[in-house]
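These notes concern the structure reproduced below.
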Amino acid sequence: MADWVVSESFLFEGERVCFGQMGEGPPLVLLHGTPFSSYEWRRIAPLLARHRSVYFFDMLGYGQSEMRDDQDVSLGRQNRLFAALLQHWGLEKPDVIAHDFGGATALRAHFLNGCDYRSLTLIDAVSIRPWGSPFVQHVRHHEAAFAGMPGYAHQALLPAYIGSSVHLPLPDARHQPYISPWLGETGQKAFYRQIAQMDLRYTDEVQESYGTLRCPVQVLWGEEDQWIPLEKGRELAGLLPNTRFIAVPGSGHLMQEDAPEAIVAAALEFLPSAT
């Protein structure tokens, strides 16, 4: 991850959260998904930073942020972290682009923590039940067995799982940074911990409020998403007000790798004027 710098830190409830910022202009915050990190924005953030002051961070238990035993990394906590970060950054109404779990985090922060956005872009967002791949469902019921399996077996499993998030194969140089945070004893436990704490109730708590979202919203969805099918994206767009929906051909769940240009184009077209 040498080409991606998340050099600043913030202490949230006694745990270290890493973040970064680039560019100048109206604030734009990028939220990553799982099992990824802010690294997924590395090709997109610099382009958006030509027009905005771009903020990004690694959620608790992800990327370069702190990982520890018995850590709460659930969606029930990530929205509180996001609200605290917005306050720390002094951002009252930023534009937000959120992917996967980041989508659920942004929605929960909006409805449960009173966070307002100038606009919201959701990309293959965790938002409507049911969500979670068959692999995720299996691990949730057998966390201890997976967390304790030999490291070589875990290391062999990770590329297959993360590789299923994209439509086009990832070269090793781009694949490895998604894998490396989850290696070693600490990383392996953290990987299965975040899956074990996935719970549909965290989206259930806010789903009935989607129709009252207080900002313009667009939904982008990969037509080849194997983790959350395209139909869920259309369903989400139908529940949100003032929404435009864009299906992205040739893209899987991790659109940042399959079609980063689609995200940049949609963002620059949709974001309110910088003036």
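Among the residues of region 238-254, those identified as farther than 14 Å from V126 by Cβ and open to solvent by less than 20 Å² (accessible area, probe 1.4 Å) are L240, V248, S251, G252. Within region 230-275, being part of a loop (DSSP other than H, G, I, E, B) and among the small types (G, A, S) holds for G250, S251, G252, A259, S273, A274.
Can you confirm whether D204 is open to solvent by 10 Å² or more (accessible area, probe 1.4 Å), in a helix (DSSP H, G or I) and touching a residue at least 60 places away in the same chain (Cβ under 8 Å)? Explain how you work it out, then say what you get.
Values: open to solvent by 10 Å² or more (accessible area, probe 1.4 Å): yes; in a helix (DSSP H, G or I): yes; touching a residue at least 60 places away in the same chain (Cβ under 8 Å): yes.
When the stated conditions are applied, D204 passes them.
Please verify whether Q137 is open to solvent by 20 Å² or more (accessible area, probe 1.4 Å) and without any contact (Cβ under 8 Å) to a residue 60 or more places away in the chain, treating the condition exactly as stated. So Q137 passes the test. In region 75-98, the residues that are under 18 Å from R52 (Cα atoms) and touching a residue at least 12 places away in the same chain (Cβ under 8 Å) reach residues that are basic (K, R) and outside any helix (DSSP H, G or I) with C-beta atoms within less than 8 angstrom, at least six apart or across chains, in these pairs: K93/R118; P94/R118; D95/R52; D95/R118. For region 154-194, a residue qualifies if it is under 15 Å from M67 (Cα atoms), of a type in the set (S, T, N, Q) and in contact (Cβ under 8 Å) with a residue 60 or more places away in the chain, and the qualifying residues are S180, T186, Q194.
If you check E143 against the conditions, is it at negative phi, of a type outside the set (S, T, Y) and in contact with a Phe, Trp or Tyr (Cβ under 7 Å, 6 or more places away or on another chain)? So E143 passes the test. Residues considered: Q87, Q78. Of these, the only one that is polar (S, T, N, Q), in a helix (DSSP H, G or I) and open to solvent by less than 10 Å² (accessible area, probe 1.4 Å) is Q78.
Taking helices (runs of 4 or more DSSP H) as the structural unit, those lying wholly within region 118-174 and holding at least 2 residues that are under 20 Å from the mean Cα position of the chain (by Cα) correspond to 134-141, 151-163. When D72 is tested against (1) surrounded by fewer than 17 Cβ atoms within 10 Å (Cβ to Cβ); (2) touching a Pro at 6+ places or on another chain (Cβ under 9 Å); (3) not hydrophobic (A, V, I, L, M, F, W, C), only condition (2) is not met.
The values are calculated or read from the model by the stated rules, or taken from the named source; none is laboratory data. Here the structure is a predicted model, which is why all the values come from computation and not from measurement. Cβ coordinates were reconstructed from backbone atoms using ideal geometry, including for glycine residues, and neighbour counts include every protein chain displayed. The area values use the complete protein model at the heavy-atom level, side chains included, leaving out ligands, DNA and RNA. Shrake-Rupley method; radii C 1.70, N 1.55, O 1.52, S 1.80 Å.
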